[in-house]
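So the structure is just underneath, and the comments pick up after that.
The values are calculated or read from the model by the stated rules, or taken from the named source; none is laboratory data. Nothing here was measured: the structure is a model prediction, and the numbers come from that model. Quick reminder, even Gly has a Cβ in these numbers, built from the backbone with ideal geometry, and neighbours come from all protein chains shown. These accessible areas exclude ligands, DNA and RNA; they are computed on the full protein's heavy atoms, side chains included. Shrake-Rupley method; radii C 1.70, N 1.55, O 1.52, S 1.80 Å.
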Amino acid sequence: MSPLDVIERTRTWPSAMTGRPLPGRCRFCGTSFRHRVVDLGMSPLCESFLRADQLNQMEAFYPLNVWVCERCFLVQLEEYVTWEEIFTDYAYFSSFSDSWLSHCRLYVDQMIEQLDLTKESSVIEIASNDGYLLQFFVQRGIPALGIEPAANVAKVAESKGVPTIVKFFGVDTARELAAAGRQADLILGNNVLAQVPNLNDFIGGLKILLGPAGVVTIEFPHLLKTIDGNQFDQVYHEHFSYFSLYAAEGIFAAHGLPIFDVEELSTHGGSIRIYAHHAEDTTRDVTDRLVALRAREADAGIATLSYYEDFESRVRETKRKLLEFLIEAKRAGKRVVGYGAPGKGNTLLNYCGIRTDFVDFTVDRSPHKHGKFLPGTHIPIFPPEQLWATRPDYVLILPWNLKSEIMEQLAGIREWGGRFVVPIPEVTVYP
Ligand SMILES: [Zn+2]
């Protein structure tokens, strides 16, 4: 069987597991883990920023072990921490970057045209956050509904005119909505799939909620980019799964939602947007770009265990190079500070053991984080003005996926000879 032959593959595909994923087993097909991709050591939850009065308290660290399933090639973490523990207090107020918002607006225009969406259509976003994306559909007069588990965030969406229900998404929620006649012409999810512990319940829900001729679009960081680009800092406890197109095609097909198209995007260090429809819908053909990406993944060996084998040694070398740079800079008496406080930064800093011995502080645009400390490393977070007050020699850009935008915003540091450092795919200094 050719790895490209998705139809043939799905015939022999393990049926999706039902119920909650079991410890030590693949959250899609239930196969026991035997092949580790990388061990990133112990790390705290990346969004658990500390207040000053918490610095002397005990802090919870969990393993960050990444596995690849030998049967379906889903790359994943075990659920060391329950979803509820992570997300109950996860007030992710989208401090969305400007480039991300324009990405969303473009998507909305594109979908309205591509799917002929009108005032009669219905669009649903899963994990719609504060309505950052659906607001653009509402502005164009297209009925939209958000599903968002965090009540405080949903309230902000409502205030922007985006109707939002406060629920976790899965088969139960989808059944309720479908019974109320709320099936959708377009269902979308951006960077939510990775965060779903019960993948089969989530995708099973999409199958129920999608109208007969509807389309599902889902965006997620592309595993091919994560592995090839040494992007190990994409791994954190909140991200349970890491998808190749190959793995995603198997999983969606098993739920009767075959993928018929895919787009490659530059967001989050290289993402893909998959398009799925009902297996029963015969109106859409597989696109050339889908066939092309399948071929590229197959050439890379994405469905072979050897593809994953040298990742760990490359990750360790990336760590050594970053530490080498920092040790030299500190020996030369240079001042190094950070920019940003993203989840990926916390994985990087904890894995590499970088604390205030190397990085004095970091700055972030989000006022919610000011005066707090990064989990594990206890690096303090200040407003961006602190850069100008302290005139550091190097600014280590933690959200390196936004490096162009950030270097443009902070171009002024060059006045005192300040330079930018980007840690991934390997440490690079920008004059
Ligand atoms: Zn599996």
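What to note about this one:
- In the stretch 46-86, the residues that are more than 16 Å from the ligand (Cβ to nearest atom), part of a loop (DSSP other than H, G, I, E, B) and either touching a Cys at 6+ places or on another chain (Cβ under 6 Å) or without any contact (Cβ under 8 Å) to a residue 12 or more places away in the chain (or both): N56, Q57, M58
- If you go through the stretch 24-45 and pick out every residue that is touching a strand residue (DSSP E or B) at 6+ places or on another chain (Cβ under 9 Å) and within 16 Å of the ligand (Cβ to nearest atom), you end up with 12.
- Candidates V156, V138 - the one that is open to solvent by 10 Å² or more (accessible area, probe 1.4 Å) and under 24 Å from P212 (Cα atoms): V138
- Among the numbered conditions (1) under 11 Å from the mean Cα position of the chain (by Cα); (2) open to solvent by 10 Å² or more (accessible area, probe 1.4 Å); (3) not aromatic (F, W, Y), the only one that L265 does not meet is (1).
- Y107 being modelled with pLDDT of 95 or more and aromatic (F, W, Y): yes
Every residue, every condition in (1) over 24 Å from G333 (Cβ atoms); (2) in a strand (DSSP E or B), yes or no:
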| position | (1), (2) |
| --- | --- |
| H368 | yes, no |
| G371 | yes, no |
| A389 | no, no |
| L396 | no, yes |
| I406 | yes, no |
| R414 | no, no |
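- Considering residues of the stretch 325-361 that are outside any helix (DSSP H, G or I) and either under 19 Å from Q234 (Cα atoms) or modelled with pLDDT under 95 (or both) only, the residue nearest to the chain's Cα centre (by Cα): P342
- In the stretch 1-19, residue modelled with the lowest pLDDT [restricted to those that are within 16 Å of the ligand (Cβ to nearest atom) and loosely packed, with under 14 Cβ neighbours inside 10 Å]: T12
- Meets criteria (over 29 Å from Y62 (Cα atoms) and of a type outside the set (V, I, T)) for F373: no
- Some residue of the stretch 24-32 being modelled with pLDDT of 90 or more and among the charged types (D, E, K, R): yes
- The set of residues from the stretch 416-431 being open to solvent by less than 10 Å² (accessible area, probe 1.4 Å) and either polar (S, T, N, Q) or assigned to a loop (DSSP other than H, G, I, E, B) (or both) comprises G418, P423, I424.
- When each of A178, A174 is tested for being hydrophobic (A, V, I, L, M, F, W, C), open to solvent by less than 10 Å² (accessible area, probe 1.4 Å) and in a helix (DSSP H, G or I), the lone residue that passes is A174.
- Scanning the stretch 280-317 for residues that are over 22 Å from the mean Cα position of the chain (by Cα), closer than 23 Å to G256 by Cα, among the acidic types (D, E) and surrounded by 12 or more Cβ atoms within 10 Å (Cβ to Cβ) yields a single hit, D281.
- Note on the stretch 181-194: residues that are more than 17 Å from P212 (Cα to Cα) and open to solvent by 30 Å² or more (accessible area, probe 1.4 Å) amount to 1.
- Checking each residue in the stretch 372-388 for being in contact with a helix residue (DSSP H, G or I) (Cβ under 7 Å, 6 or more places away or on another chain) and farther than 17 Å from L323 by Cα picks out L374, P375, G376, I381, L387.
- Any hit, the stretch 58-72, residues being closer than 16 Å to R355 by Cα and of a type in the set (S, T, N, Q): no
- Of the residues examined, Y394 is one that is in contact with a Lys or Arg (Cβ under 6 Å, 6 or more places away or on another chain) and touching a residue at least 24 places away in the same chain (Cβ under 8 Å).
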